[in-house]
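Novice: What follows is a structure written as structure tokens; I'll ask about it next.
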Amino acid sequence: LRLLPQQRYLRTEGAQVSALERKRNVLCCLISRILKGEKQLHIDSLVFRVMDACQKGQLGPGVRFLSFCCHSVDVLSCILHLLNQGYLRRQEGRPHVLEY
């Protein structure tokens, strides 16, 4: 018989996954909110506005994080996720412009 210690890293890994999911959800909501107001926006402008809102702490009503930083890669990943889900679309002939 061999006794193995309890695996504590599984609980930590679950907490990290939960934090990443919350971050993705917040970014997706922010992207959607910005595009709902603008109807269409250049992808670079959208990334800049999302990152600016994150730095200023303007994440939306009821959203409070002690430290919330996002990078352009995070925002672009969320944009691709929303494109794949069908919430956003690219304009025909101008794929750099996104529509809600």
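The values are calculated or read from the model by the stated rules, or taken from the named source; none is laboratory data. Given the structure is predicted, the values throughout are model-derived calculations rather than measurements. For accessibility, only protein heavy atoms count, side chains too; no ligands or nucleic acids. Shrake-Rupley method; radii C 1.70, N 1.55, O 1.52, S 1.80 Å.
Novice: Report whether or not GLY60 is in a loop (DSSP other than H, G, I, E, B), modelled with pLDDT under 90 and open to solvent by less than 80 Å² (accessible area, probe 1.4 Å).
Specialist: Here the answer is yes, as GLY60 does meet what is asked.
Novice: Another question, if that's okay. Scan the range 70-92 residue by residue and report those that are modelled with pLDDT under 90 and not charged (D, E, K, R).
Specialist: Those that are modelled with pLDDT under 90 and not charged (D, E, K, R): CYS70, HIS71, GLN91.
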